[in-house]
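Here the structure is laid out as structure tokens; the discussion comes afterwards.
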Amino acid sequence: MHVSPERFEQIVFDEADAVLAQLPPALRAEAETVLLLVEDAPGPEHDPGERRLLLGLYEGVPLIDRHADSLLIVPDRITLFRLALQSLARTEIELRQRVRRTLIHELAHFFGRDEDELADRGWA
């Protein structure tokens, strides 16, 4: 399914608001510090096979790995990749579901869950 970049961004931020609204206040406050970005596709630093399959990416230091005296120079961020997500959806409803699932997956990394834990919980 194809939507304009502007429409896709609107879907992403609508779904992000909905996901954040379901978090307990303390977790929501932490998650709201993460920058949310939208890109068409991953950059050249990812191998071509990975670039086609990567739906989202968390970059930062997970909360459970932080120390009280840590100084973070670069803010945590989640990037969602428009072309990959659109390629998996036939309707806007499916696209919203993919976006939501990807956001939850990447937020789980922010909260300290690794790929194995997410796979065990059905969120890989």
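Every read-out reported here was derived from the displayed coordinates using simple, explicitly stated rules and does not represent laboratory data. Remember, it's a predicted structure, so these values are computed and weren't measured experimentally. For neighbour counting, all protein chains shown are included, and Cβ atoms are generated from backbone atoms with ideal geometry for every residue, glycine included.
Odds and ends about this structure:
- Computed from backbone phi, the HN-Hα couplings of the stretch 48-60 come to x, x, 5, 4, 6, 9, 6, 8, x, 8, 9, 10, x Hz, rounded to whole numbers (Karplus: 6.51 cos²θ - 1.76 cosθ + 1.60, θ = phi - 60°; Gly and Pro given as x).
- Phi to ³J(HN,Hα) by Karplus 6.51 cos²θ - 1.76 cosθ + 1.60 over the stretch 84-91, Hz, x for Gly, Pro: 5, 5, 5, 5, 9, 10, 9, 9
- Each 5 Å bin from 0 upward holds the following percent of the Cα-Cα pairs of the stretch 4-67: 3, 13, 19, 20, 19, 15, 8, 2, 0.
- Helix 5-21 and the longest principal axis of the Cα set of the chain meet at an angle near 40°.
- Along the chain, longest interval not containing exposed GluC sites (Glu not before Pro), exposed being DSSP loop plus at most 14 other Cβ atoms within 10 Å: 46-124
- The chain, relative contact order [Cα under 8 Å, separation at least 6], %: 33
- Rg and Dmax [Cα atoms of the chain; Å; Rg one decimal, Dmax integer]: 14.6, 47
- Between the helical axis of 92-110 and the longest alpha-carbon principal axis of the chain there is an angle of about 20 degrees.
- Relative to the Cα centre, the charge distribution of the chain, modelled as +1 at Lys and Arg Cβ and -1 at Asp and Glu Cβ, gives a dipole magnitude of about 440 debye.
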